[in-house]
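Asker: Dropping a structure here in structure tokens format, bear with me for questions.
The values are calculated or read from the model by the stated rules, or taken from the named source; none is laboratory data. This is a predicted model, so every value here is computed, not measured. Here the Cβ positions follow ideal geometry from the backbone for every residue, glycine too, while neighbour counts run over all protein chains shown.
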Amino acid sequence: KILILDFGSQVTQLIARRVREAHVYSEIHPNDVSDEFIREFKPKGIILSGSHASTYEDHELRAPQAVWDLGVPVLGICYGMFTMTVQQGGEVEASTHREFGYAEVRAHGHTRLLQGIEDFSTTEGHGMLKVWMSHGDKVTKLPPGFKLMASTPSCPIAGMADESRGYYAVQFHPEVTHTVKGRDLLNRFVLDICGAKPDWVMGNYIEEAVARIREQVGSEEVILGLSGGVDSSVAAALIHRAIGDQLTCVFVDHGLLRLNEGDMVMDMFAGKLHAKVIRVDASDLFLGELAGKPEPEQKRKIIGKLFVDVFKAEAEKLKASGQGHKGATFLAQGTIYPDVVESGGTKTKKATTIKSHHNVGGLPEQLGLKLLEPLRELFKDEVRELGVALGLPHDMVYRHPFPGPGLGVRILGEVKKEYADLLRRADAIFIEELRAAIDPASGKSWYDLTSQAFTVFLPVKSVGVMGDGRTYDYVVALRSVQTSDFMTADWAELPYSLLKRVSGRIINEVRGINRVTYDVSSKPPATIEWE
Ligand code: XMP
């Protein structure tokens with residue numbers, strides 16, 4: 001496996017993804033882990049990440065001594081190159097700010113890392129790479145034993161190598177897609193130079209994960225909050241594969257789910273997988289508490305709190321019932337790797353903290369349960385692959401994200417059962433048509449071409465005409481966006497013919513809705529959800 005030491009770059013996760021795409025397992029850890037940790041990790045190679053742009057104080061960050069004592073290959077990227085330079089006795093000219101941009105880098109010296117990897121060659125026969133470069137700091141003097149590996153006109157030392165020790169460093173970012181041959185370069189480092197085996201494949205992973213879960217759980221029992229979302233579903237399927245009936249899933253139906261969602265979850269888990277699933281129909285409780293509460297954040301709080309209350313009550317019942325012996329002692333969660341890194345779980349203090357949506361935060365302590373998080377080391381696309389390998393249906397595993405508060409934040413203002421029922425039917429039509437509409441250019445459905453699509457209920461009435469009569473009914477808005485990270489998003493340019501079909505069907509099939517609009521706002525300044 002490969003160890004990635006994080007100096008706080010926004011793109012460190014991409015390094016891990018690229019390495020894993022080469023079927024080599026990798027983990028990200030903070031740059032200041034102990035020497036002992038690194039020795040115990042037994043990496044086949046180490047990658048030192050970049051750091052934030054414009055953080056002069058970070059120039060104090062160094063890689064632990066064990067990195068250099070272990071005798072394994074090391075690749076420094078951007079800031080990683082600077083720290084390698086300084087720690088190996090070279091010199092860096094620091095700058096107070098750094099920025100990134102396109103550059104064409106010329107290869108020097110026929111290093112193993114760059115041999116045969118180029119985007120084009122110059123008339124003089126030099127290999128050239130199109131890269132995403134970090135500008136600002138510069139290596140001004142190579143450390144002893146190092147030779148020049150790459151340069152640009154404005155950056156004479158853009159790459160360096162000490163091949164006798166397997167040390168390589170580049171000032172550009174091979175992990176980002178803008179660096180055209182970045183993947184080849186990382187593959188070269190990981191597979192050829194480090195000699196890591198490409199044995200990280202899902203089939204093997206299932207066996208290992210199953211063994212680990214069995215070992216951790218022993219003969220004890222586990223409960224898991226099943227939401228129908230990808231992460232909790234895949235976690236449930238994996239844990240069920242490992243321990244069968246020692247797992248009990250609790251599925252809280254808050255009455256704000258999509259059309260038939262509850263039945264689908266039950267069919268899959270109780271029906272097909274024969275897992276123990278307790279379905280709690282708490283819709284009256286949720287809708288009752290939400291009555292007369294129009295404010296979005298208040299609605300979120302109510303739904304979040306009730307969810308925890310209901311789940312806790314079930315968990316306690318289960319504990320008390322004993323199920324033969326002492327009841328559940330583990331709480332399983334579908335925490336995935338980005339959640340761990342983003343919430344600072346790796347104690348990577350430099351990485352920016354982004355909101356995490358854990359429904360049951362704080363619950364394990366309150367219930368006195370131990371945590372079981374079998375997806376902690378997987379990226380979302382790996383979780384999906386795992387789900388498919390475990391036999392979950394493709395449509396379930398590749399579903400758009402759905403917020404914890406569900407339709408509660410897609411019914412503007414006060415939530416009523418009448419509104420939820422109308423919205424569910426309108427939304428089901430929209431999604432059905434998106435799945436059915438194939439874009440001829442890509443051959444993909446518009447569902448797969450969008451990142452998130454849904455319908456929003458507007459509690460206002462507008463006038464329409466149907467047959468001979470006047471109607472005075474509700475309005476819905478269709479929302480569909482394309483995004484890579486959900487932090488920014490563009491509204492999707494759906495074909496008019498598709499919008500026309502959706503609108504026609506909703507107005508004809510859902511009595512009570514007589515007008516359909518399409519949301520053409522991007523994020524920012526709008527958000528993806530309307531509340
Ligand atoms: P916004 O509306 O903030 O949404 O642009 C970004 C992403 O987050 C989801 N979202 C939520 N997910 N609980 C959740 O679990 C929430 O309260 C919540 N609010 C927004 C939203 O669906 C989108 O994918």
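Asker: Would you check if His52 is of a type outside the set (Ser, Thr, Tyr), at pLDDT below 90 and surrounded by fewer than 23 Cβ atoms within 10 Å (Cβ to Cβ)?
Answerer: yes
Asker: Hey, any hits in region 343-363 for a residue that's at pLDDT below 95, of a type outside the set (S, T, N, Q), in a helix (DSSP H, G or I) and buried (at least 18 other Cβ atoms within 10 Å of the Cβ)?
Answerer: Among the residues of region 343-363, at least one is at pLDDT below 95, of a type outside the set (S, T, N, Q), in a helix (DSSP H, G or I) and buried (at least 18 other Cβ atoms within 10 Å of the Cβ), which makes the answer yes.
Asker: From the residues in region 387-412 that are within 16 Å of the ligand (Cβ to nearest atom) and small (Gly, Ala, Ser), which one is nearest to Phe286 (Cα to Cα)?
Answerer: Ranking the qualifying residues of region 387-412, first place goes to Gly408.
Asker: Cβ-Cβ under 6 Å, sequence separation 6+ or interchain: first residue in region 515-526 and in contact (Cβ under 8 Å) with a residue 40 or more places away in the chain and under 30 Å from Thr471 (Cα atoms), partner aliphatic (A, V, I, L, M) and surrounded by 15 or more Cβ atoms within 10 Å (Cβ to Cβ). Which pairs?
Answerer: From residues that are in contact (Cβ under 8 Å) with a residue 40 or more places away in the chain and under 30 Å from Thr471 (Cα atoms), the pairs are Arg515/Val475; Val516/Val476; Val516/Ile506; Thr517/Ala477; Tyr518/Leu478; Tyr518/Leu499; Asp519/Ala477.
Asker: Determine whether region 112-130 contains at least one residue that is touching a strand residue (DSSP E or B) at 6+ places or on another chain (Cβ under 8 Å) and part of a helix (DSSP H, G or I).
Answerer: no
Asker: Evaluate region 119-131: report whether one residue or more is in contact (Cβ under 8 Å) with a residue 24 or more places away in the chain and under 20 Å from Ser49 (Cβ atoms).
Answerer: yes
Per-residue answers, yes or no, for (1) in contact with a helix residue (DSSP H, G or I) (Cβ under 7 Å, 6 or more places away or on another chain); (2) touching a residue at least 40 places away in the same chain (Cβ under 8 Å); (3) surrounded by 14 or more Cβ atoms within 10 Å (Cβ to Cβ):
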{"site": "Ala389", "(1), (2), (3)": "yes, yes, yes"}
{"site": "His394", "(1), (2), (3)": "yes, no, no"}
{"site": "Leu407", "(1), (2), (3)": "yes, yes, yes"}
{"site": "Lys416", "(1), (2), (3)": "no, yes, yes"}
{"site": "Glu433", "(1), (2), (3)": "yes, yes, yes"}
{"site": "Ala437", "(1), (2), (3)": "yes, yes, yes"}
{"site": "Lys444", "(1), (2), (3)": "no, no, no"}
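Asker: Which is surrounded by fewer than 20 Cβ atoms within 10 Å (Cβ to Cβ) and within 32 Å of the chain's Cα centre (by Cα), of Lys141, Lys181?
Answerer: On the way: Lys141 fails: within 32 Å of the chain's Cα centre (by Cα).
Every option except Lys181 fails the conditions.
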